[in-house]
1. Run down L137, L122 and say which single residue is assigned to a helix (DSSP H, G or I), surrounded by fewer than 20 Cβ atoms within 10 Å (Cβ to Cβ) and of a type outside the set (D, E, K, R).
2. If you go through region 238-260 one residue at a time, do you hit one that is free of Cβ contacts under 8 Å to residues at least 60 places away in the same chain, in a helix (DSSP H, G or I) and crowded, with 17+ Cβ neighbours inside 10 Å?
3. Being surrounded by fewer than 20 Cβ atoms within 10 Å (Cβ to Cβ) and among the aromatic types (F, W, Y) is true for just one of F132, F224. Which residue is that?
4. Would you mind telling me which numbered condition in (1) farther than 21 Å from K142 by Cβ; (2) under 12 Å from the mean Cα position of the chain (by Cα) Q163 fails?
5. Under 26 Å from the mean Cα position of the chain (by Cα), part of a helix (DSSP H, G or I), within 27 Å of V170 (Cα to Cα) and modelled with pLDDT of 95 or more - does that describe any residue in region 47-63?
6. Being surrounded by 15 or more Cβ atoms within 10 Å (Cβ to Cβ), touching a residue at least 12 places away in the same chain (Cβ under 8 Å) and not β-branched (V, I, T) is the filter; apply it to region 197-216 and report the residue that is nearest to L82 (Cα to Cα).
7. If you go through region 76-119, how many residues are on the phi < 0 side of the Ramachandran plot and in a loop (DSSP other than H, G, I, E, B)?
8. Can you find a residue that is aliphatic (A, V, I, L, M), touching a helix residue (DSSP H, G or I) at 6+ places or on another chain (Cβ under 6 Å), closer than 25 Å to A253 by Cα and not in a helix (DSSP H, G or I) anywhere in region 203-219?
Amino acid sequence: MEHLRVEPPYGIHVKLSDVPLGSWYPFFMQWQVPVAVSIAYVFLSFYFNPKTTSLSRMEAKRQKTRPDGAVAKKSILAPLTLLTFVHNVVLAVYSGWTFMCVFPPFVNAIITKGWFAGLCDLDGSLLNSVVFVHNYLFYLSKYYELLDTVIIILKGRKASLLQIYHHAGVILIMFYSNYTSSPASIFIIWENSGVHTVMYTYYALTAIGINPPGKRYLTSLQIFQFLFGQTFIALYLVLSGCQTPVQASWTWAMTAYLLPLIYLFFQFFVSTYTKGKSGKDSKSDTKKDQ
């Protein structure tokens with residue numbers, strides 16, 4: 001990482017001029033950028049985090065703290081409501097688009113080239129057709145997702161340790177993913193995008209007072225995502241000849257990032273849905289992956 005390339009990694013034939021926001025690639029691929037942003041995000045999140053937290057309308061209904069069990073609908077024209085709604089719609093649409101761009105080529109590569117060659121992208125066709133572009137855009141999207149925390153704090157709710165760890169860590173891990181161009185990154189991109197499509201659609205609806213059922217199952221889906229993702233990361237680690245040593249270093253880094261995240265998600269699930277506690281940090285409107 002000391003001699004970080006600001007040009008695409010070796011083997012990339014995609015021109016930056018053909019990549020959305022490609023002119024920003026040399027800037028965002030300086031290691032100082034994700035490190036500085038992550039550190040600033042963590043500091044500001046804890047600094048501005050409210051001392052006490054208020055329950056969201058959805059959480060209040062789930063805990064039956066409202067006498068009639070109703071959830072008051074807010075006008076979509078209210079500034080914070082409109083911001084929340086538009087923010088979630090943007091991420092839902094982006095996530096759905098990314099999934100549809102990446103998942104079909106991934107499946108097609110496995111079908112046409114075989115399990116090993118498809119997963120490992122031995123000829124680099126996936127890297128040059130979809131992975132390089134969408135891995136870069138996926139990395140940039142993690143900066144935009146920091147707005148999740150801003151919105152939560154503006155609503156007077158505490159951002160949880162889970163949320164802060166997730167958002168700070170995913171910027172760093174996806175920066176390194178772009179630097180190494182590991183073939184395993186395609187799996188993380190389509191899996192996370194698929195789950196985010198569902199998750200951000202759900203939160204867009206709740207932002208305007210629509211109450212879809214199944215928040216508990218949404219959390220379960222997020223936990224499954226990370227467990228499933230870690231399983232595939234382990235698969236890439238044991239497949240001989242699938243990655244270069246540099247690429248393998250990303251899969252190890254991803255494992256080091258995912259294991260604490262999985263633990264925090266299980267802790268969130270237990271405290272929220274099995275112990276029945278209220279007003280805890282873990283009950284903020286957390287949106288994780290990511």
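1. Step by step, each of L137, L122 is checked, and only L137 is assigned to a helix (DSSP H, G or I), surrounded by fewer than 20 Cβ atoms within 10 Å (Cβ to Cβ) and of a type outside the set (D, E, K, R).
2. Yes, region 238-260 has at least one match.
3. Details: F132 fails: surrounded by fewer than 20 Cβ atoms within 10 Å (Cβ to Cβ).
None of the other options fit; the residue is F224.
4. With (1) farther than 21 Å from K142 by Cβ; (2) under 12 Å from the mean Cα position of the chain (by Cα) applied to Q163, the lone miss is (1).
5. Yes; the residues of region 47-63 include at least one that is under 26 Å from the mean Cα position of the chain (by Cα), part of a helix (DSSP H, G or I), within 27 Å of V170 (Cα to Cα) and modelled with pLDDT of 95 or more.
6. Within region 197-216, the first condition is being surrounded by 15 or more Cβ atoms within 10 Å (Cβ to Cβ), and the residues that meet it are 197-209, 215.
Now restrict to residues that are touching a residue at least 12 places away in the same chain (Cβ under 8 Å): 197-204, 206-209, 215.
From the residues that got through so far, the ones that are not β-branched (V, I, T) too are 199-200, 202-204, 207, 209, 215.
Numbers: M199: 18, Y200: 14, Y202: 15, Y203: 12, A204: 10, A207: 8, G209: 12, K215: 21 Å.
My answer is A207.
7. If we filter region 76-119 for residues that are on the phi < 0 side of the Ramachandran plot, which is where we start, we get 76-113, 115-119.
Filter once more, keeping what is in a loop (DSSP other than H, G, I, E, B): 76-78.
Number of matching residues: 3.
8. No; the residues of region 203-219 include none that is aliphatic (A, V, I, L, M), touching a helix residue (DSSP H, G or I) at 6+ places or on another chain (Cβ under 6 Å), closer than 25 Å to A253 by Cα and not in a helix (DSSP H, G or I).
The values are calculated or read from the model by the stated rules, or taken from the named source; none is laboratory data. Since the structure is predicted, the reported quantities are computational estimates derived from the model, not experimental observations. Here the Cβ is made from the backbone with ideal geometry for all residues, glycine too, and neighbour counts use every protein chain on show.
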